[in-house]
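Each value in this text was obtained by applying a stated rule to the coordinates, not by laboratory testing. None of these values were measured; they are calculated from a predicted model. We place every Cβ from the backbone using ideal geometry, glycine too, and count neighbours over all the protein chains shown.
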Amino acid sequence: MATHPENTLPGFLYAIEAGADGVELDIAVGPGESLLVTHDPPVTGRDYPSLDDVLALDAPPAFVFDIEAKGIVPASLLLDAIRRSRQHGLIVRSFLHDNLRALHAIAPEIMLAALIESRNVRDWTEIANAAGASIISPHYSVATQEKVGRAHAAGIGVSVWTVNDPADWRRMADMGVDFIITNDPATAVRYFK
């Protein structure tokens, strides 16, 4: 499983060195409208890497930084950070689809992923389209061949989370999902080579 704490520079460097195609990271707005890399709301006095720190990492040209906006993240603030970075492979995802719609309105060229809860039974294509997203991102446990096929037929990519078992990696790959998020990048890279 995970060999490094999530949302840390050492964890991201490990994934890059292991040959992963990308990393998923969580951001939240911190003091002074800074974008901090953290899964939970920032705690005063604690040190967090900034989004700028992560996007400044030396990664291969095709590497993807998959940024999950936690809570309300002003689109202009996120867009400024993206434009300051030298990274080209970026996806922005969120459960709060207002974040995605706001970013799409000012930067439609940025790839967006609509995260959905496992219990959501709405059509994936409808959800992605309503969010302005080109990717739908469900928990892997609700992915089916039929749902993936319908999304693909509508031009919607599928990114599943958090898949840590090789049998599930194979099942997701056989369904044709486009992205697999895992806590074990080195093992996944070895598995798929």
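In table form, for the structure just shown:
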read-out: Contact order relative to length of the chain, as percent, for alpha carbon pairs under 8 angstrom and 6 or more apart; value: 16 percent
read-out: Loop-located trypsin sites (Lys or Arg not before Pro) in region 104-159 whose Cβ has at most 13 other Cβ within 10 Å (DSSP); value: R119, R122
read-out: Euclidean distance of C-alpha centroids, region 150-184 and region 11-74, integer Å; value: 22 Å
read-out: Within the chain, percent of DSSP bridges classed antiparallel, to nearest 5; value: 15 percent
read-out: Charge-dipole axis of the chain as Lys and Arg at +1 and Asp and Glu at -1 on Cβ define it, positive-most pick from G155, V29, V92; value: G155
read-out: For H104, net neighbour charge (Lys/Arg +1, Asp/Glu -1) across residues whose Cβ lies under 13 Å away; value: 0
read-out: Dipole magnitude of the chain about its Cα centre (Cβ charges: Lys, Arg +1; Asp, Glu -1), debye to nearest 20; value: 340 debye
read-out: Compactness of region 9-192 - radius of gyration and Dmax, Cα, Å; value: 16.0, 48
read-out: Positive-pole candidate from T187, N120, T38, dipole of region 9-192, charges at beta carbon; value: N120
read-out: GluC sites (Glu not before Pro) lying in DSSP loop within region 82-149, provided at most 10 other Cβ fall within 10 Å; value: E109, E117
read-out: Rounded to the nearest 20 debye, dipole of region 151-193 from Cβ charges on Lys, Arg, Asp, Glu; value: 140 debye
